[in-house]
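The structure under discussion appears below in the form of structure tokens.
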Amino acid sequence: MLDIKIEKVAAPKQHPTDESKLGFGKIFTDHMFVMDYTEGQGWHDARIVPYAPLVLDPAALVFHYAQECFEGMKAYRRADGGVQLFRPEKNAQRMQSTHQRLCIPEIPVEDFVQAVKALVKVDEAWVPHADGTSLYIRPFTIATEAVLGVKASAEYKFIIIASPSGAYYAEGINPVRIYVEDQYVRATPGGTGYIKCGGNYAASIIASEKAHQLGFSQVLWLDGVERKYVEEVGSMNIFFKIDGQIYTAPTVGTVLPGITRMSCIELLKSWGYQVNETRLAITDIMDAAEAGKLEEVFGTGTAAVISPVGELVYEDRKAEINGGVIGPVTQKLYDTLTGIQWGKLPDEHGWIQTV
Ligand SMILES: *Cc1c(COP(=O)(O)O)cnc(C)c1O
């Protein structure tokens, strides 16, 4: 149990009046959670303080060698006014595995969840009410020791900020067009593809820029060794329904183990689908499309929950999926997951924690 000191803001900010214009990650609540790590002392001084800029030494290791990582999760407003979290312990566990890979001292799962709940409680009035809106929560850790040597920092800050965010599909669920990247790679075996660190994203921006210039909304990454097997999309995992069966890449080393991915697999299995966590070659997927067997494709991630894919372009081949409209399994997953997250459906899997 953390002993969290709470210092409330003197002059609370004005809440947004129009929840349809929230967008994503643009405004922040009144408070933030901060906890420090010092070698020899461990994690200490857990506190909730007014949201404010940080003061860091320009030599802080995070600025030079990117010893940094993050998580992403949401708090949802139920119809009865209560607020709830979706599988927060999974984010805590994933952050531990991320910390391990980056040589950052771990934070106990209970402390992480306690900190998230405490911040959401203090800023509860910031959880929006409109359909499909949520409070996006961004925990992150940065190396703060001031020294220009490549090594594990002796000091860190673990911080949680929160941002009221709009409905992802304010204009209805429209399938996205995806560009299969055959030049740049996101992750290689032995690297950091399976953790949520900023460095992965810094290296991926160039491919997203290219895809955007070509008129696509997202990049589908192939494996970093052969550029042959599909791995994931931008900040989402990806699923394929081929001839009645479901396929998604295994999360061994190079693919981020998404909590939405995990939840979809559990739901699909409970509905009787066979889910194959196997490597799938992009050429096999394009062949399946040509044979009329590529039935549905969708991405999964906390922000969009489920994102149907309407078109895949790989080199000179193009696959149009389900006539460019959302497929029935994709729709059922979206309805079920969002139903559970916003408390409109019963929580049969024990995924919900109230704040
Ligand atoms: C966060 C993330 C995902 C999705 O994970 P969720 O836990 O479902 O939000 C997928 N891929 C990458 C690269 C990510 O950073």
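The values are calculated or read from the model by the stated rules, or taken from the named source; none is laboratory data. All values reported here derive from a predicted model rather than from experimental measurement. For neighbour counting, all protein chains shown are included, and Cβ atoms are generated from backbone atoms with ideal geometry for every residue, glycine included. Surface accessibility is based on the protein's heavy atoms, side chains included, excluding ligands, DNA and RNA. Shrake-Rupley method; radii C 1.70, N 1.55, O 1.52, S 1.80 Å.
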Item to check | Subset of region 236-252 that is without any contact (Cβ under 8 Å) to a residue 60 or more places away in the chain, buried (at least 18 other Cβ atoms within 10 Å of the Cβ) and among the polar types (S, T, N, Q) - its residue that is farthest from the ligand (Cβ to nearest atom) | outcome: Thr248
Next on the checklist: Here are the criteria: (1) farther than 30 Å from Ser163 by Cα; (2) open to solvent by less than 20 Å² (accessible area, probe 1.4 Å). Tell me which single one Gly272 does not satisfy.
Outcome noted: (2)
Checklist entry - Listed residues Leu135, Leu119; which is assigned to a strand (DSSP E or B), under 30 Å from Asp18 (Cα atoms), in contact (Cβ under 8 Å) with a residue 24 or more places away in the chain and in contact with a strand residue (DSSP E or B) (Cβ under 7 Å, 6 or more places away or on another chain)? => result Leu135
Next on the checklist: I'm trying to understand the selection: among the residues of region 82-92, which are open to solvent by 30 Å² or more (accessible area, probe 1.4 Å) and away from the ligand (no atom under 11 Å from the Cβ)?
Outcome noted: Glu89
Next on the checklist: Just the residues that are free of Cβ contacts under 8 Å to residues at least 24 places away in the same chain and part of a loop (DSSP other than H, G, I, E, B), please, taken from region 39-57.
Outcome noted: Gly40, Gln41, Ala52, Pro53, Val55
Checklist entry - For region 20-56, how many residues meet the condition of being out of contact with any strand residue (DSSP E or B) (no Cβ under 8 Å at 6 or more places or on another chain) and either open to solvent by less than 40 Å² (accessible area, probe 1.4 Å) or more than 30 Å from Val147 (Cα to Cα) (or both)? => result 3
Checklist entry - Under the condition of being touching a Pro at 6+ places or on another chain (Cβ under 6 Å) and closer than 22 Å to Ile6 by Cβ, which residue from region 117-143 is surrounded by the most Cβ atoms within 10 Å (Cβ to Cβ)? => result Leu135
Checklist entry - What single numbered condition from (1) buried (at least 19 other Cβ atoms within 10 Å of the Cβ); (2) touching an Asp or Glu at 6+ places or on another chain (Cβ under 7 Å) fails to hold for Arg227? => result (1)
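Out of Val275, Val255, Val225, Val233, which single residue is more than 13 Å from the ligand (Cβ to nearest atom) and either among the small types (Gly, Ala, Ser) or within 22 Å of the chain's Cα centre (by Cα) (or both)?
Details: Val255 fails: more than 13 Å from the ligand (Cβ to nearest atom); Val225 fails: either among the small types (Gly, Ala, Ser) or within 22 Å of the chain's Cα centre (by Cα) (or both); Val233 fails: more than 13 Å from the ligand (Cβ to nearest atom).
It is Val275.
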Item to check | Cross-chain or 6+ apart pairs with Cβ under 7 Å, region 283-303 first and under 18 Å from Asp316 (Cβ atoms), then away from the ligand (no atom under 16 Å from the Cβ) and among the hydroxyl-bearing types (Ser, Thr, Tyr) | outcome: Met286/Tyr314
Item to check | Counted residues, region 206-222 - those being within 10 Å of the ligand (Cβ to nearest atom) and open to solvent by 40 Å² or more (accessible area, probe 1.4 Å) | outcome: 0
Next on the checklist: Suppose we filter region 183-205 for residues that are near the ligand (Cβ under 9 Å from one of its atoms) and assigned to a helix (DSSP H, G or I); how many remain?
Outcome noted: 3
Item to check | Residue satisfying condition, being more than 30 Å from Ala75 (Cβ to Cβ), crowded, with 21+ Cβ neighbours inside 10 Å and either modelled with pLDDT of 95 or more or within 16 Å of the ligand (Cβ to nearest atom) (or both), within set Ile285, Ile306 | outcome: Ile285
